[in-house]
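Presented below is the structure to which this report refers.
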Amino acid sequence: MGWLRDWKRRRILERHRIDDALWRRAQKHLPFLRGLSAGEERRLKEFAVVFLAEKQLTPVQGLELTDDDRVEIALQACLPVLELGLDWYDGWVGIVVHPSDFHVQRKETGDDGVVHEWDDQLAGESWPGGPVVLSWEALDDSGSVAEGGANVVIHEFAHKLDMMSGDPDGVPPLPSRAARERWIEVFDAAFDRFCKDVAAGKETFLDPYAAEHEAEFFAVASEAFFESPHALKRDFAGLYELFKGFYMQDPATRLAS
Ligand SMILES: [Zn+2]
């Protein structure tokens, strides 16, 4: 079916494009989109156009999204797969956007048979094979290259990449067993060090929330990789190199100028 999809994508690109004024507004709002080569910029715009045509972006609870809003979500979602390819987002279509952080009821039965129920307040969520859910309020805070700047779009889409190899565990699909072993070695060392710092109450540049689970560490570190690459490289040089290899991008070099 590959040819059919390629044909459909070509048709989409023949009919739609991101105009220059909109691109400039997006770049102003999302400074980490700067520094791309002409070819990368063209590909990112094309990915965003195809992404918006293939995915279903649904604002809920009275939220309205402008064309700029939609394009900015798409550009941020597509940046991590700029070299990997849009096919990494196969297998699901929905993106639900809430006006603000949303509540999710959780229920879990422990080994002792006791049922635990609690209420989670979330800025974003993504399910294997299911939709990505985002909070517009959290989204609107993004677009900063300041240290520790959060990016809920990159965060949730990083979870999607992680889940391409099964349960979210901070290990995305990698080309070989050796690459996987290398990943686990470097990633786990960085995660352990980070967890110790958080437990010791040290000030960390990454959100302490990342200590909750390997999957969260991967998602939060991915936000930093694209938004505050210099800080990530400074604090987690090994992890930065690992991400550079996986994403096939070098944001610290591209954002240097
Ligand atoms: Zn997360």
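Of the candidates E214, E203, the single residue that is at pLDDT 95 or above and farther than 29 Å from A26 by Cβ is E214. Counting only strands (runs of 3 or more DSSP E) wholly contained in segment 115-196, no element carries 3 or more residues that are away from the ligand (no atom under 16 Å from the Cβ) and either modelled with pLDDT of 95 or more or within 22 Å of L84 (Cα to Cα) (or both).
Checking each residue in segment 25-68 for being part of a helix (DSSP H, G or I) and modelled with pLDDT under 95 picks out R25, A26, Q27, K28, H29, P31, F32, L33, D67, D68. Close Cβ contacts (under 9 Å, 6 or more residues apart or on different chains) running from residues in segment 233-257 that are surrounded by fewer than 22 Cβ atoms within 10 Å (Cβ to Cβ) to residues that are assigned to a helix (DSSP H, G or I) and of a type in the set (S, T, N, Q) comprise Y247/S222. Take the conditions closer than 17 Å to P80 by Cα and surrounded by fewer than 20 Cβ atoms within 10 Å (Cβ to Cβ) and apply them to E203. Does it pass? The answer is no for E203. Restricting attention to segment 80-121, the residues that are over 17 Å from the mean Cα position of the chain (by Cα) and of a type outside the set (D, E) add up to 17.
Please go through segment 197-237 and give me each residue that is assigned to a helix (DSSP H, G or I) and more than 16 Å from the ligand (Cβ to nearest atom), ordered by number. Selection gives D197, A199, P229, H230, A231, L232, K233, R234, D235, A237.
The values are calculated or read from the model by the stated rules, or taken from the named source; none is laboratory data. Computed from a prediction, not measured in an experiment: that's the story for all the values here. With ideal geometry, Cβ positions are generated from the backbone for all residues, glycine too; neighbour counts draw on all protein chains shown.
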